[in-house]
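Here's the structure we're looking at; comments come further down.
The values are calculated or read from the model by the stated rules, or taken from the named source; none is laboratory data. What you are looking at is a predicted structure, and each value in this text was computed from that prediction instead of being measured. Neighbour counts run over all protein chains shown; Cβ positions are idealised from the backbone, glycine included.
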Amino acid sequence: MTTSSDGQKSHRVRLAVVGIGCGILLLILNTVAVYRTVTSRSAIILLDFHPTLVAGRAVAAGLDPYSDAVAEQTRREMFGENSERIKEAQDSYVYPAYVAYLAVPLSLLPLPWSEAVWLTLLEFLVVAGILLILQIAGWHPHKLALAGILVWSIGFYPVLSGFFLGQITLLVFTLIVFAIWAILKDHDNLAGIALGLTILKPQVVILFLPAVLFWAAINRRWRILLAALLTGLALLALPTIFQPIWIANFLHRLADPSQYTLAPVIEVVLDQCCQPAKPWLLPLTFAAAAGAVIFAWWAALHSAQKADFLWAAGATLIVTMAVAPRMSIINQIILLLPVWLLVRALLGWKWAGGGLILVLLIVWGGGMWYLTTVPPVAGAIPGYIPIHQVITPILPLSLGLAWLFGRKLILRSLKDPSPVIAVIQAG
């Protein structure tokens, strides 16, 4: 019996080694392909990621990534020596300093290769995130349906635009999805590490992270809490060792009035629809959003079921996209989680659900791309197409309504008779 068990373990180990080896080979081949077909053919491809690469080179040289000199060097590389944007501050590095330190290995590579490596990582991470969403939903679609899900998701405006820009939000999306999957599978240490890493882009998880950590504390999932806190502290400590005042410099750069500052989606809507009533409607709307998040997590804590936990997580991500500041449409990639959970639920309506799914995917998918052709509106941010100011509310508000009124249907589709959100006793 022991020999048979050892043989099975040895076979699984061999399969794992072969799988890892094939994965690494695929990453290398994809990186070479991206380099030869994309990044080697142009000076700079990933405009949003380039300030991070320059900041990585700066911290490797012992410089402050938020300094005016580093910002000016970034703009010189991006726009050329004679560009009028050289003296502007709009393209400065505005991420936490630990992101620059983590980017140091990439920043030391030749630019085309660093972009190729980063694009390859984003490609694989996004595909992994989508597959994990299907696992979370307990959904095993036909191969053709799976191909359709992947194609739609990758062609989704926030995702494809994120690829073109090299957006870190794509990485944070996968970290969020992985953390949720790990929580449901009781891999608490992995879940905590993933949650801690989500602060690579803090505004995206400004509601989600504290809500999940509060839920973990109430349920005595101490390993999640401890791993998340230790990971977050490690990230904060990394730049502090070399630049003790980086947080002050970071906040100063964020407060710079010349930076792009996007108002919360709900404020954009009120500006367009009911400007006179905005002074009293805006705080009321924020209070309603906070109430929705509190209700969602109260229900999750009360039931201890997978379905309620996932509904609360989805509701929190949707509300974040509606009320958090500095949220461009690119950040809406994190809404792929509630989008596909909703689609999975609508399949229960058969033909009616299928028709509604088709309409939603056309509007959310093709509609966004169509709206990028709309001429600029008065008062638009220079260089920003209207979708970033006017069209951004469409997905979070429509998905939010569907998430609210379809709650019973979503819970039913995710219902598991056993309480998979187990309470783990201390120790």
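Here are the numbers:
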{"quantity": "Residue list for the stretch 132-161, filter: in a helix (DSSP H, G or I), closer than 26 Å to Phe49 by Cβ and touching a residue at least 60 places away in the same chain (Cβ under 8 Å)", "calculated": "Ile133, Trp152, Ser153, Gly155, Tyr157, Pro158, Val159, Ser161"}
{"quantity": "Gly62, sole failed condition from (1) closer than 23 Å to Ser161 by Cα; (2) modelled with pLDDT of 90 or more; (3) in a loop (DSSP other than H, G, I, E, B)", "calculated": "(1)"}
{"quantity": "Any hit, the stretch 308-317, residues being farther than 25 Å from Leu125 by Cα and under 22 Å from the mean Cα position of the chain (by Cα)", "calculated": "yes"}
{"quantity": "Pair list, Cβ < 6 Å and 6+ apart or interchain, from the stretch 42-67 residues that are under 19 Å from Leu171 (Cβ atoms) to residues that are assigned to a loop (DSSP other than H, G, I, E, B) and at pLDDT below 90", "calculated": "His50/Ile44; Pro51/Tyr93; Ala55/Tyr93; Pro65/Tyr93"}
{"quantity": "So Leu195, is it modelled with pLDDT under 95 and aliphatic (A, V, I, L, M)", "calculated": "no"}
{"quantity": "For Asn331: the one exception among (1) within 15 Å of the chain's Cα centre (by Cα); (2) surrounded by fewer than 20 Cβ atoms within 10 Å (Cβ to Cβ)", "calculated": "(2)"}
{"quantity": "Where a residue in the stretch 337-352 is in contact (Cβ under 8 Å) with a residue 24 or more places away in the chain and its partner, wherever it lies, is part of a helix (DSSP H, G or I) and among the hydroxyl-bearing types (Ser, Thr, Tyr), with Cβ under 7 Å and at least six apart", "calculated": "Arg344/Ser413; Ala345/Ser413; Gly348/Ser413"}
{"quantity": "Any hit, the stretch 82-90, residues being modelled with pLDDT of 90 or more and either loosely packed, with under 10 Cβ neighbours inside 10 Å or closer than 23 Å to Phe164 by Cα (or both)", "calculated": "no"}
